[in-house]
Amino acid sequence: MMRQIVLFDTESVHADLLPMSYTRPVAAFRIGIRTLREQWEEIMPGEYFYRPVWFQRDKFGMPPQGADDLLFVAGNLMPREETAALLMELKLGEAAVYEGQIVAFRGSEAGLEEDAEVRQVELPEGSARLIRFPYDIFQANAEALCREYRRLTSGRRSAPLDESNRVIGSPVDADGNPMIFIEEGAVVEGATINVKEGPVYIGRDAVVMEGACVRGPLALCEHAQIKMGAKIYGGTTFGPYCKIGGEVQNTVIFGYSNKAHDGYLGNAVIGEWCNLGAGVNASNLKNDYAKIRLWNYPRHTFMRTDLQFCGLIMADHSKAGINCMFNTATVVGVGVNLHGAGFPRVFIPSFQEGSPAGGMTDVPLKKFYQIAERVMGRRGLTLTDADRCIYERVYEVASQYKAPKSR
């Protein structure tokens, strides 16, 4: 009988990963090449379910009722073969703990909710990795991308690389595996590809245009494009149907979002259905080189990160007009529409529109839906009733997050 595996979110994990977790379970985050769930499905086969926070359940479902032998895995646990091997050893009624968090439990849903009663097994130090805050997404991405690349390309043959490209570094690794893998239908022409620090994965029907300079580790997922003359540094993932130009470094874009023109984006996380207009620049380093403080939703204030580099964190369906500028570590919620000159506040709550000079006003849900349907319709997709339930909940809670005067 196939094992039933449930990827669960707790309220605290969900809250610390806002705004990216507003619209999806954490296991639906894209880190590496595919989503965390897709990675788990490969390394630990079974029948998979989400157990998200309550307002996401209409869209993402729940595990079967009454089952008494489920394997619950924390949605913010990074998929690793060595971690999976430890989780598979759990006995009925046992919970695995790592860095103070229950990361897995074998038993019923009721047993998971009564975790104080179960026997806890501490996982060895270094045997797992957790995504706790939004910046962990880009920090974990290079390692995850390299692991995923090996899984996805093992035993497979890449489509040929056009002779118009220039490759810097060995085209194969020490074991003879290719450092560039191109899926069928992809077009890569006239680009400079540096694989000295990691592999480059080009997804099905993706395009890398002439004059682009890219460095691994890099993932360009299906139907995504890197435009002419773009400069792309390592540790970067562009999800499906993204269009990318300008200069990008150590950034994860979940999918269906565009940064198609010149401008800088680094150490950043961008959701789906976002658009950064021509000339948008987002700082990832403070002028005084000070450690960065980042807005944290459950604390209603800025938290210390001990990071020196952190750029833009932007949730789904948010947009920035031409020549917009973002200060270091700006956090932008869902459904934000920013335009005009000057720097906005470093925290912009969801469903806001306006400019730094003219101020911000609320975006009515009706207007948001009209824009979202227009944007998604260009890809043949539409908002569902389940999507609307999620956005209604986000809209309800957005008003409690007032932008602070300073940090």
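Bear in mind these aren't lab numbers, they're just calculated from the coordinates by the rules spelled out. Everything numeric here is computed off the predicted structure, so don't read it as measured data. In this analysis, Cβ positions are derived from the backbone assuming ideal geometry, glycine residues included, and neighbour counts consider all displayed protein chains.
Placing a label point 7 Å from the Cα of R378 along the Cα-to-Cβ direction, the residues of region 251-277 whose backbone N falls under 13 Å from that point are 256-261, 273-277.
Taking the number of Cβ atoms within 10 Å of each Cβ as an exposure proxy, the fewest-first ranking of Y48, Y201, Y149 is Y48, Y149, Y201.
Amide H contacts of V103: A96, V97, Y98, each under 5 Å away and 5 or more positions distant or on a separate chain (H built 1.01 Å from N in the peptide plane; Pro and chain starts excluded). Take every pair of alpha-carbon atoms less than 8 Å apart whose residues are at least six positions apart; their mean separation over the length of region 59-123 yields a relative contact order of 37 percent.
Centroid-to-centroid, using Cα positions, region 355-386 and region 257-330 are 20 Å apart.
With both residues required to sit in region 257-407, DSSP beta bridges show an antiparallel share near 35%. Here region 258-407 is assigned +1 on the Cβ of each Lys and Arg and -1 on the Cβ of each Asp and Glu. Its dipole about the Cα centre then comes out at about 340 debye.
Whole Å is fine, so just give me how far the alpha carbon centre of region 24-39 lies from that of region 183-225. Value for the Cα centre distance between the two parts: 21 Å. Relative to the Cα centre, the charge distribution of region 162-234, modelled as +1 at Lys and Arg Cβ and -1 at Asp and Glu Cβ, gives a dipole magnitude of about 380 debye.
Here's how it looks for Q4: its modeled amide H is under 5 Å from those of E47, L71, which are all 5 or more places away or on a different chain. Distance between the modelled labels on A290 and K196, one decimal in nanometres: 3.6 nm (7 Å Cα→Cβ projection).
Under the criterion of Cα pairs below 8 Å and six or more residues apart, the relative contact order for region 4-131 equals 25 percent.
A straight chain from H300 to M2 at 0.36 nm per residue would run longer than the Cα-Cα distance by 103.0 nm.
Of the DSSP H helices in the chain, those that are both long (alpha-carbon extent of 27 Å or more along the helix axis) and hydrophobic (Kyte-Doolittle mean at least -1.0) are 135-153. Backbone amide hydrogens, once placed in the peptide plane, bring N267 within less than 5 Å of Q249, N250, T251, excluding anything fewer than 5 places away on its chain. What you get for the chain, charging only the Cβ of Lys and Arg (+1) and of Asp and Glu (-1), is a dipole of about 1420 debye around the Cα centre. Legend: calculated FRET efficiency, A15 to N323, from the Cβ-Cβ distance at R0 = 41 Å, rounded to 0.05, equals 0.75.
Over all pairs of different C-alpha atoms, region 4-131 has a mean inverse distance whose reciprocal, the Kirkwood radius, equals 14.5 Å. Largest GNM mean-square fluctuation across R24, R150, R304, computed for the chain with C-alpha springs under 10 Å, falls on R304. Between A386 and Q101, the simple label model (points 7 Å from Cα in the Cβ direction) yields a spacing of 2.4 nm. Size descriptor for region 298-407, Kirkwood hydrodynamic radius: 15.0 Å (Cα pairs only, one decimal). Sorted fewest first by neighbouring Cβ atoms within 10 angstrom, H14, H261, H300 come out as H300, H261, H14. Each helix, a run of at least 4 DSSP H residues, gives -39500 (n - 2.57); summed and divided by the residues of the chain, these come to -5500 deg cm²/dmol at 222 nm.
The order of T23, T237, T361, going from fewest to most other C-beta atoms within 10 Å of their C-beta, is T361, T23, T237. Looking at the chain only, what percent of DSSP beta bridges run antiparallel? Nearest 5 please. Approximately 25 percent, going by the DSSP bridge assignments. Computed from the alpha carbon positions, the gyration tensor of region 208-362 leads to an equivalent ellipsoid with semi-axes of 24, 18, 14 Å, biggest first.
Entry note, the chain: relative contact order of 10 percent, from Cα contacts under 8 Å with a spacing of 6+ residues. Spacing of the modelled spin labels on W54 and A174, each 7 Å from Cα toward Cβ, amounts to 5.3 nm.
Were the residues from E184 through E396 laid out at 0.36 nm apart, the gain over their Cα-Cα distance would be 71.9 nm.
Cross-link pairs exceeding 18 Å between alpha carbons, from the set K59/K243; K59/K367; K227/K259; K231/K286; K227/K286; K319/K367: K59/K243; K59/K367; K231/K286; K227/K286. More than 14 angstrom separation, counting every C-alpha pair in region 1-75; what % is that? The answer is 59 percent, as a whole percent.
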